[in-house]
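Visitor: Before anything else, here's the structure in question.
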Amino acid sequence: MNALLIYPKFPETYWSFRYALSFQGKRAAQPPLGLLTIGALLPSDWDKRLIDTNVERLKDSDLAWADVALISGMHVQQQDLVAIVRRCHALGLRTVVGGPITSSLSAAELEADHIVIGEAEDLIATLASDLASGTALPLYQATDRPAMEHSPLPDFSLIRMNRYSTMTVQYSRGCPFNCEFCDIIEIYGRRPRTKPVAQVLAEFDRLYDAGWRGPVFIVDDNFIGNKPKVRVLLSAIVEWSAARGKPFRFITEASLNLSDDPELLQMMKDASFASVFLGIETPDESSLLATNKLQNTRRDLLESIAIIQNYGIEVMGGFILGFDTDREDVFDRLVDFIQQSAIPIAMVGLLQAMPGTQLFRRLSHEGRILDSGGGNNTGCQLNFRPRMDPARLVEGYRSVLNRIYSADAYYERVRLFLSRCNPQYQRNLNLGNVRAMVLSILRQGVLGNARADYWRFLLSALTRYRRSFGTAMTLAVMGYHFQKVTQQLSKADS
């Protein structure tokens with residue numbers, strides 16, 4: 001069997017980082033880890049190719065080679081995924097669709113011949129056998145959540161690593177919390193499942209032996225969901241990294257209660273964790289309570305963020321507008337909070353009621369759902385009727401983005417971050433980084449619309465934050481991406 005694994009395009013959003021990636025000549029932030037894992041699960045005698053349409057073109061010759069197309073994606077990739085399915089069908093190629101998108105959208109919306117719902121480790125063998133014999137069913141649904149040791153080492157040979165800025169590894173699935181708007185707990189459960197430490201280190205070895213040096217994103221939705229096991233893993237990472245000259249710097253996602261655990265923070269610092277994404281959501285405690293984001297309540301949010309930053313770990317933050325409890329002052333309060341937090345990468349989005357979540361079920365019961373949504377919370381579209389006037393909500397959302405990503409406000413946050421965090425993980429001097437710096441000076445310092453702000457920032461980075469100059473330049477380039485996307489959103493129709 002010839003199996004063609006296909007990853008659809010992401011739309012242009014803050015999360016794509018496309019404008020920043022172009023400075024280093026990269027085509028996408030991360031490879032499709034799910035498909036790399038599926039590739040390793042397929043029979044060893046199958047021939048496999050992977051086409052990530054975010055980094056290369058899907059050609060008719062690829063489709064003609066294949067006996068079956070295995071397509072995986074997230075809700076936000078629906079438009080391109082369905083277009084790929086239709087293209088396959090036009091050429092008579094069978095299609096299988098899996099990934100998180102199948103937990104959000106119906107089989108009719110996805111149009112594939114075969115649908116896989118849930119985690120695939122324990123059902124791929126049956127699916128593959130049925131495909132080979134021509135007896136595949138329309139639907140395969142996981143009945144249990146598999147143990148993580150059932151997940152094989154991803155087949156990184158299916159990609160060209162140099163097209164990506166970051167490699168990916170998964171340690172755990174699931175989150176112990178119960179946020180109303182979250183689909184992660186619905187798909188992966190509230191009991192975090194973890195891989196054995198030896199298995200994680202084997203994935204690191206595979207990346208290291210392939211020549212990868214640089215950032216590795218541990219893609220868990222809550223890396224610290226099982227703190228006792230994370231401590232064991234971190235101890236092993238420290239030893240593994242030290243033996244190899246610290247080849248990776250790590251990025252992950254966690255919950256804000258990370259700030260309550262100084263021992264864990266020190267271990268993450270020692271293990272070369274450079275940044276962590278936190279779902280902060282809102283500075284309004286009434287909204288946190290209403291959405292069951294209880295782990296963020298009964299604490300000083302700004303102090304919690306500062307504690308993590310003081311360990312040399314950059315905090316990236318996720319924020320949401322559109323909660324039922326949001327008042328007219330929420331926009332100004334959010335801007336003030338983001339500026340004071342020293343979070344350069346502040347991902348602000350409109351609330352999306354994702355199918356399958358508690359929020360979607362509640363709003364459906366209240367008759368407020370408009371459609372299944374597009375999965376993109378950083379656009380200007382709503383898939384439900386908010387309590388606030390929708391036009392006012394979108395106007396306020398745009399005003400927040402324009403203010404926090406104006407050049408002066410953004411560089412002010414970066415300077416505050418550099419003074420507070422003193423980041424210790426610098427990029428090695430290589431051709432890609434030299435290219436990025438030259439292009440930054442050209443695009444932002446010579447041709448940009450905020451040249452004076454850029455040069456003031458660069459001067460302060462050279463004089464006051466020389467030890468962190470690599471991080472400063474990286475964040476300057478990230479700012480270029482955010483400013484370009486913000487300009488596009490400002491012009492978009494509501």
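The values are calculated or read from the model by the stated rules, or taken from the named source; none is laboratory data. For clarity, every value in this text was computed on a predicted model and none was experimentally measured. Here the Cβ positions follow ideal geometry from the backbone for every residue, glycine too, while neighbour counts run over all protein chains shown.
Visitor: Of all residues in region 353-365, how many are farther than 8 Å from PHE181 by Cα and out of contact with any Ser or Thr (no Cβ under 8 Å at 6 or more places or on another chain)?
Guide: 5
Visitor: Quick one: which of ALA112, ALA132 is in a loop (DSSP other than H, G, I, E, B) and either crowded, with 17+ Cβ neighbours inside 10 Å or modelled with pLDDT of 95 or more (or both)?
Guide: The conditions single out ALA112.
Visitor: Suppose we keep only residues that are surrounded by fewer than 17 Cβ atoms within 10 Å (Cβ to Cβ) and farther than 28 Å from ASP47 by Cβ within region 142-161. Which one would you say is nearest to the chain's Cα centre (by Cα)?
Guide: Checked region 142-161; the qualifying residue nearest to the chain's Cα centre (by Cα) is ALA147.
Visitor: Could you tell me how many of the residues in region 351-376 are under 21 Å from ARG398 (Cα atoms) and at pLDDT 95 or above?
Guide: Looking only at that region, the number is 3.
Quick grid of which residues meet (1) under 30 Å from ARG57 (Cβ atoms); (2) crowded, with 22+ Cβ neighbours inside 10 Å; (3) touching a strand residue (DSSP E or B) at 6+ places or on another chain (Cβ under 6 Å); (4) modelled with pLDDT of 95 or more:
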residue: ARG163; (1), (2), (3), (4): yes, no, no, yes
residue: PRO176; (1), (2), (3), (4): no, no, no, yes
residue: ARG191; (1), (2), (3), (4): no, no, no, yes
residue: LYS229; (1), (2), (3), (4): no, no, yes, yes
residue: GLU239; (1), (2), (3), (4): no, no, no, yes
residue: ARG244; (1), (2), (3), (4): no, no, no, yes
residue: GLN266; (1), (2), (3), (4): no, no, no, yes
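Visitor: Oh, and also: Touching a residue at least 24 places away in the same chain (Cβ under 8 Å), closer than 20 Å to ALA29 by Cβ and not assigned by TED's automatic domain parsing to the domain that holds PRO247: does that describe TYR465?
Guide: Spelling it out, it is not the case that TYR465 is touching a residue at least 24 places away in the same chain (Cβ under 8 Å), closer than 20 Å to ALA29 by Cβ and not assigned by TED's automatic domain parsing to the domain that holds PRO247.
Visitor: Give the residues of region 86-109 that are buried (at least 22 other Cβ atoms within 10 Å of the Cβ) and either touching an Asp or Glu at 6+ places or on another chain (Cβ under 6 Å) or aromatic (Phe, Trp, Tyr) (or both), sorted by residue number.
Guide: THR95
Visitor: Does ASP45 count as over 24 Å from LEU137 (Cβ atoms), of a type in the set (D, E, K, R) and either outside any strand (DSSP E or B) or without any contact (Cβ under 8 Å) to a residue 40 or more places away in the chain (or both)?
Guide: no
Visitor: Another one. So, in region 151-172, exactly how many residues are hydrophobic (A, V, I, L, M, F, W, C), assigned to a loop (DSSP other than H, G, I, E, B) and within 25 Å of GLY25 (Cα to Cα)?
Guide: 1
Visitor: Here's something else I'd like to know. Residues to consider are GLY134, GLY99, GLY92; find the one that is in contact with a helix residue (DSSP H, G or I) (Cβ under 8 Å, 6 or more places away or on another chain) and small (Gly, Ala, Ser).
Guide: Among GLY134, GLY99, GLY92, only GLY99 is in contact with a helix residue (DSSP H, G or I) (Cβ under 8 Å, 6 or more places away or on another chain) and small (Gly, Ala, Ser).
Visitor: Now, a different point. Kindly indicate whether any position in region 210-218 is in a strand (DSSP E or B) and at positive phi.
Guide: Yes, region 210-218 has at least one match.
Visitor: Return the residues of region 233-275 that are of a type in the set (D, E, K, R) and assigned to a helix (DSSP H, G or I); say none if nothing qualifies.
Guide: GLU239, ASP260, GLU263, LYS269, ASP270
Visitor: I've got another one for you. Filter region 327-345 for residues that are assigned to a helix (DSSP H, G or I) and either charged (D, E, K, R) or buried (at least 19 other Cβ atoms within 10 Å of the Cβ) (or both) and give the result.
Guide: VAL330, PHE331, ASP332, ARG333, LEU334, VAL335, ASP336, PHE337, ILE338, SER341
Visitor: Which pairs do you get when a residue that is in the same structural domain as CYS182 (by TED's automatic domain parsing) and basic (Lys, Arg), found in region 243-270, comes within reach of a residue that is at pLDDT 95 or above and part of a helix (DSSP H, G or I), reach meaning Cβ atoms under 8 angstrom, with the pair 6+ apart or on two chains?
Guide: As it stands, the answer is ARG244/TYR208, since those pairs meet every condition given.
Visitor: Looking at the structure I just gave you, is GLY34 outside any strand (DSSP E or B), under 16 Å from PRO100 (Cβ atoms), modelled with pLDDT of 95 or more and not hydroxyl-bearing (Ser, Thr, Tyr)?
Guide: yes
Visitor: Taking the residues in region 76-92 that are of a type in the set (Gly, Ala, Ser) and not in a loop (DSSP other than H, G, I, E, B) as candidates, determine which candidate is farthest from ILE115 (Cα to Cα).
Guide: So the residue we want is ALA90.
Visitor: I'm told SER103 meets every condition in (1) within 18 Å of GLU186 (Cα to Cα); (2) free of Cβ contacts under 8 Å to residues at least 24 places away in the same chain; (3) not basic (Lys, Arg) except one. Can you identify the failing condition by its number?
Guide: In the conditions (1) within 18 Å of GLU186 (Cα to Cα); (2) free of Cβ contacts under 8 Å to residues at least 24 places away in the same chain; (3) not basic (Lys, Arg), SER103 misses (2) alone.
Visitor: Yes or no: region 264-282 includes at least one residue that is of a type in the set (A, V, I, L, M) and over 29 Å from THR166 (Cα atoms).
Guide: So far as region 264-282 goes, no, none of its residues is of a type in the set (A, V, I, L, M) and over 29 Å from THR166 (Cα atoms).
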